[in-house]
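Enquirer: Pasting in a structure now, in structure tokens, and then I'll have a few things to ask.
Nothing in this text is a laboratory measurement; each read-out follows from the coordinates by a stated rule. All values reported here derive from a predicted model rather than from experimental measurement. All Cβ positions, glycine included, derive from the backbone under ideal geometry; neighbour counts span all protein chains shown.
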Amino acid sequence: MNFDFSDDQQAIKRTAKDLLADRFKLERVRELADAGAYDEDAWKELCELGWPGIFVEEQYGGQGLGIVELIIVTEELGYTLAPVPFLSNAAAGLMIQAAGSDEQKQRWLPGIASGEARGAAALVRGGEAKLVPDGDSAEVIVLCADGGASIVERSAADVEPVATMDSTRRYARVRARGGEPLPGEVGPGVGAGLLAVAAELTGVAQRAMEMAVEYARDRKQFGRPIGAYQAVSHRCAQMLLETEGARSATYYGAWTADAQPESLELAASMAKAYSSDAGWRVCSSSLQVHGGIGFTWEHDLHFFLKRAKVDALLWGSASEHRERVADLSAVGEAAAV
């Protein structure tokens, strides 16, 4: 059986990789991070390519492709730390498409698919969503809590910008004043959103690993590249193992979303748990390989480390998702008896 990408998926990956590498060189990412801004011209270009609506049904202005295609794009966005509001917008679209009424879909999905009326989404705990990517600039915010989800316009919510260690993305704290419930089952949307975060973390880990390997080849000590020493080469090998593990778990989850939806909830939590840990560990190991230079503000590695740390907390931490995996597995075993 062939588990490789289709020709169309390969083309999407090549296009995303080449375009984002050109638009978001690390000097540009640093410039935007220092300014606390996004690249609006680049976002417009991505919208013209139809990326925000890659998974949205065609009747709502999207491309009507699957979650695998969404994950391909999101991984490449993570690889470049692209300062655009793609992830937040996609999360909202996934929730509304999964659980929204026909009226809600008609109202919000076209703007999400075009990128002209963006969305955001987050978990509500203690009456508020404490970490909402791009919540201060979204037109509509989907808030998920135990038992369901609701949709609220930004003008009908208390939105407060929040500073985090990740300067490449904007965050907010949101407390809704009112809201309209999503009547359908939001689980598939949540699962797909978790996979999008896992894909971004995979891209972050891939880039951090490549930075470490390149440095280990170039940096010499006692006349030899430091990568020739076992302490460094073994650390790089472990980074590869964890990055590929995160990628495998994430793409398996994306496959279940399109082909075996009854397995999506479990697969998504597995991917989020693994990639959350892997993203942080790979970035931390890359920092160790870089030695003293890796700890400096002037080196770009810290941007990836900080994105990995904050992404690990989005939509639940690794430990929370491991508990979720245990609960779901126990339910599955009981049903099989």
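Enquirer: Taking each pair of different alpha-carbon atoms in segment 62-209 once, compute 1/r for the pair, average those values, and report the inverse of that mean as the Kirkwood hydrodynamic radius in Å to one decimal.
Expert: In segment 62-209 this quantity evaluates to 15.2 Å.
Enquirer: From the P(r) of segment 187-336, could you give the percentage of C-alpha pairs in the tail past 22 Å?
Expert: Details: 4884 of 11175 pairs.
Value for segment 187-336 (Cα pairs over 22 Å): 44 percent.
Enquirer: Just the number, please: percent antiparallel of the DSSP beta bridges in the chain, rounded to the nearest 5.
Expert: Working: 20 of 25 bridges.
Looking only at bridges with both residues in the chain, the antiparallel portion is about 80 percent.
Enquirer: Quick one: among Pro181, Pro85, Pro133, which has the greatest mean-square fluctuation in a GNM of the chain with alpha-carbon springs under 10 angstrom?
Expert: Pro181
Enquirer: Could you check which residue among Ala267, Ala120, Ala21 shows the biggest mean-square fluctuation in a GNM of the chain with a 10 Å Cα cutoff?
Expert: For the chain, modelled as a Gaussian network with Cα springs under 10 Å, the answer is Ala21.
Enquirer: For the residues Tyr38, Tyr229, Tyr274, what sequence is obtained by ranking on other C-beta atoms within 10 Å, fewest first? Don't skip to the end; give the middle numbers.
Expert: Values: Tyr38 18, Tyr229 14, Tyr274 24.
Least to most surrounded, the residues fall as Tyr229, Tyr38, Tyr274.
Enquirer: So if the hydrodynamic radius of segment 1-116 is defined as the Kirkwood radius over C-alpha pairs, what does Stokes-Einstein give as its diffusion coefficient at 4 °C and 1.567 mPa s, in µm² per second?
Expert: Reported coefficient: 87 µm²/s.
Enquirer: Only Cα pairs within less than 10 Å get springs; with that Gaussian network setup on the chain, which residue of Val282, Val132, Val325 has the largest fluctuation?
Expert: Ranking Val282, Val132, Val325 by mean-square fluctuation puts Val325 first.
Enquirer: May I pose another question? Okay, helix-only estimate at 222 nm for the chain: each DSSP H run of n ≥ 4 adds -39500 (n - 2.57), divide by all residues, round to 500 deg cm²/dmol; what do you get?
Expert: Working: 11 runs with 196 residues, N = 337.
Roughly -19500 deg cm²/dmol at 222 nm, from the helical runs in the chain.
Enquirer: Normalise the Cα radius of gyration of segment 44-93 by 2.2 N^0.38 Å (N = residues in it) and let me know the number. Present the calculation step by step, with values, prior to reporting the outcome.
Expert: On the way: Rg = 10.3 Å, N = 50, 2.2 N^0.38 = 9.7 Å.
This ratio for segment 44-93 stands at 1.06.
Enquirer: Could you tell me the center-to-center distance, by alpha carbons, between segment 203-277 and segment 23-66 in angstrom?
Expert: Cα centroid of segment 203-277 versus Cα centroid of segment 23-66: 24 Å apart.
Enquirer: With contacts defined as alpha carbon pairs under 8 Å and 6 or more residues apart, what's the relative contact order of segment 187-336 in percent?
Expert: Values: 191 pairs, mean separation 46.9, N = 150.
Normalised by residue count, the contact order of segment 187-336 is 31 percent.
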